[in-house]
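Here is the structure we will look at.
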Amino acid sequence: MKLALLVGAVGLALGLFVSGAFDDFSLERTAQLVRSYGPWGIAVYLLAFTFLQPLGMSGTVFAVVAGLVWPPWLALLLAMTGACGSATINVAFARYVAFDWVQARIPPKLRRYERWVTDRGLLGVILYRAATGTMPPAQLLIGVLNVPLPRLIIGTVIGFIPQIALNVFLGGGLTRWLAGLLGIS
């Protein structure tokens, strides 16, 4: 299934490239288009981050895109909201829908952190979230841990801040710089 999706995505990208669809591509024009939709552009971004990231799409990509489209502090707020939304979906799925299924599929490498996180309370959640970010397996693992929901929410928000801020502020700037080097304005 994943291979079919990858082949389809690569085929679509190659088809668009060969057709000339990217000849007039501009990061700034694309960002301007998204901004021109106002609240609808923001809503689509948040819905995409919230529901596509749990399916495996990189949270880093969403955060960098926010940094490219919106002013820095708004981009940070939107990326944090999307990351927390995707975390909510992952945790709810792991905790309330597929607890046994998730437990059986947690990689042994992540399993060793289970007790470490729960023993350290809020600090454990903050450090775990800061280290793992929005990685889907890590999100699922924390969903099945015996961590009270308020602690999980607060720890997630605080723990996501460093990574999301780096992605928004540095990722957006670095992408603009690289695009300039490649002649894509």
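For the stretch 149-164, the criterion of being farther than 26 Å from Leu77 by Cα and in contact with a Leu (Cβ under 7 Å, 6 or more places away or on another chain) is met by none of the residues. Residues that are within 28 Å of Gly67 (Cβ to Cβ) and touching a helix residue (DSSP H, G or I) at 6+ places or on another chain (Cβ under 6 Å) occur at least once in the stretch 91-106. If you filter the stretch 105-122 down to residues that are in a helix (DSSP H, G or I) and under 18 Å from Pro54 (Cα atoms), you find that the one that is farthest from the chain's Cα centre (by Cα) is Arg105. The number of residues in the stretch 108-138 that are closer than 27 Å to Val65 by Cα and touching a Gly at 6+ places or on another chain (Cβ under 9 Å) comes to 12. Restricting attention to the stretch 136-150, the residues that are surrounded by fewer than 16 Cβ atoms within 10 Å (Cβ to Cβ) and at pLDDT 85 or above add up to 3.
Could you tell me whether Val125 is under 12 Å from Ala83 (Cβ atoms) and part of a helix (DSSP H, G or I)?
It is false that Val125 is under 12 Å from Ala83 (Cβ atoms) and part of a helix (DSSP H, G or I).
Collect the residues in the stretch 153-185 that are in a helix (DSSP H, G or I), of a type outside the set (Phe, Trp, Tyr) and at pLDDT below 90, keeping them in residue-number order. Scanning the stretch 153-185 gives Leu170, Gly171, Gly172, Gly173, Leu174, Thr175, Arg176, Leu178, Ala179, Gly180, Leu181. One residue is enough: does the stretch 91-112 have a residue meeting the conditions free of Cβ contacts under 8 Å to residues at least 60 places away in the same chain, buried (at least 19 other Cβ atoms within 10 Å of the Cβ), of a type in the set (Ser, Thr, Tyr) and on the phi < 0 side of the Ramachandran plot? No, the stretch 91-112 contains no residue that is free of Cβ contacts under 8 Å to residues at least 60 places away in the same chain, buried (at least 19 other Cβ atoms within 10 Å of the Cβ), of a type in the set (Ser, Thr, Tyr) and on the phi < 0 side of the Ramachandran plot. Listed here are the helices (runs of 4 or more DSSP H) enclosed by the stretch 23-74 that have at least 1 residues being under 10 Å from the mean Cα position of the chain (by Cα): 39-52, 59-69. You will find that of Gly143, Gly82, Gly133, the residue that is at positive phi and not basic (Lys, Arg) is Gly133 and no other.
The values are calculated or read from the model by the stated rules, or taken from the named source; none is laboratory data. None of the values given here were measured: they were computed from a predicted structure. Counting neighbours? That spans all protein chains shown, and the Cβs are built from the backbone with ideal geometry, glycine included.
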